Amino acid sequence: MKCKVFINSFVVAVLLIAFGTSARAAEMDSESKASFDTVMAFMGAVGSGDMDTAISLMAEDMVWQNEGDSAMPWIGPWNGKDEILAFLPIFGKNFQTTAWENTDAFALGDTVAVFGRMNGITTHSGKEIGEFSFALRAKVRDGKVVLWNWFEDSFAVSQAYNAK
């Protein structure tokens with residue numbers, strides 16, 4: 001009986017420690033919170049078409065990196081605010097987002113990570129991609145986004161873009 005009580009107490013203690021650590025890990029220091037808020041504001045501005053806000057959150061030397069099939073006109077890298085501002089309408093003309101959900105997001109210092117699910121249609125072919133996952137690694141300096149490193153299921157996107 002003493003052994004059962006000890007094991008139960010041990011399990012409860014481990015769970016309390018684990019939950020306590022998770023709660024502390026979820027709390028961000030001021031730099032992390034500022035980076036997180038900047039990236040989320042930039043993401044929201046671009047997604048809603050609020051280009052004035054998006055531009056105000058971009059560093060002059062920002063890099064937007066998309067990997068994938070170079071036949072798709074939004075594959076980067078795009079270096080500097082001017083190149084990115086020229087690229088964004090190209091992306092908007094060629095890709096229509098039909099679903100978007102951020103499932104996880106966190107920051108540590110100047111780095112922010114966002115993970116989620118999305119779907120879209122490539123206007124080049126008119127084909128729906130199908131739901132796919134994405135990941136973003138962003139960096140912030142002095143309240144401005146300096147890196148937007150986008151990862152997606154580029155094979156599925158390319159298949160839809162190149163469909164006949």
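All of the numbers you see were taken from the coordinates with simple rules; none came from a lab. Model, not experiment: these values are computed from the prediction. Cβ coordinates were reconstructed from backbone atoms using ideal geometry, including for glycine residues, and neighbour counts include every protein chain displayed.
Just a few scattered comments:
- GluC sites (Glu not before Pro) restricted to the range 40-147 and DSSP loop, no more than 16 other C-beta within 10 Å: Glu67, Glu131
- Local net charge near Asn119, Cβ-Cβ under 12 Å (Lys/Arg +1, Asp/Glu -1): -3
- For the range 81-164, the gyration tensor built on C-alpha atoms gives an oblate shape. Its axis ratio a/c (a ≥ b ≥ c) is at least 1.5, and a/b is not larger than b/c.
- Residue-wise HN-Hα coupling along the range 142-149, computed from phi with Karplus coefficients 6.51, -1.76, 1.60 (Hz; x: Gly, Pro): 6, x, 10, 6, 10, 9, 10, 9
- Contour excess over end-to-end distance, with Cα ends at Gln159 and Thr97 and 0.36 nm allotted per residue: 20.7 nm
- Residue-wise HN-Hα coupling along the range 72-82, computed from phi with Karplus coefficients 6.51, -1.76, 1.60 (Hz; x: Gly, Pro): 7, x, 9, 7, x, x, 10, 10, x, 4, 4
- Farthest toward positive dipole pole in the range 29-161 [+1 Lys/Arg, -1 Asp/Glu at C-beta], among Ile90, Phe115, Gly143: Ile90
- Summed residue charge, Cβ within 12 Å of Asp142's Cβ, Lys/Arg positive, Asp/Glu negative: -1
- Residue by residue, the range 125-131 carries 3J(HN,Hα) couplings of 10, x, 8, 6, 6, x, 4 Hz when phi is fed to the Karplus relation 6.51 cos²θ - 1.76 cosθ + 1.60 (θ = phi - 60°); x denotes Gly or Pro.
- Sum of side-chain charges, Phe95 neighbourhood, beta-carbon under 14 Å (Lys, Arg +1; Asp, Glu -1): -2
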